[in-house]
Amino acid sequence: MSISSESCASRSISKSEFLSSLPPWRRWLARLNWHPTVDAQIRILESKRREKESERRTKLIENEIERLQNENKRLAVLESKLDSLLLSADSSSQTPPATDCN
């Protein structure tokens, strides 16, 4: 019977009274004690942070893809201009050289 009366007495003690009865190092550990709701909230916040980071990286990649596509188009235009210049230079060099009649 004494065990049940002790458990009732320990239930009636307030949290601050309980913490004050502990040694300082144990009080510090008690303050660090996590509750499941805190862990769940941390997981939710971390999940939201990872999602935002993922969205940010996705936008960066999409912007880089768009930039590279624009650069590819610009390079294709420059390449076609270079090809046309080379073709015109080749056709002008195919004319027979002038002969010196001296």
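The values are calculated or read from the model by the stated rules, or taken from the named source; none is laboratory data. The model shown is predicted, which means the values in this text are computed figures rather than measured ones. Note that each Cβ is placed from the backbone with ideal geometry, even for glycine, and that neighbours are counted across all protein chains shown. Areas reflect the complete protein model, heavy atoms only, side chains present, ligands, DNA and RNA absent. Shrake-Rupley method; radii C 1.70, N 1.55, O 1.52, S 1.80 Å.
When P23 is tested against (1) surrounded by 10 or more Cβ atoms within 10 Å (Cβ to Cβ); (2) of a type outside the set (V, I, T); (3) at pLDDT below 95, just one condition goes unmet, and that condition is (1). Selection of first residues in the stretch 52-81 that are at positive phi and open to solvent by 100 Å² or more (accessible area, probe 1.4 Å) and of second residues that are in a helix (DSSP H, G or I) and at pLDDT below 95, restricted to Cβ pairs under 8 Å at least 6 apart or on distinct chains, gives an empty result.
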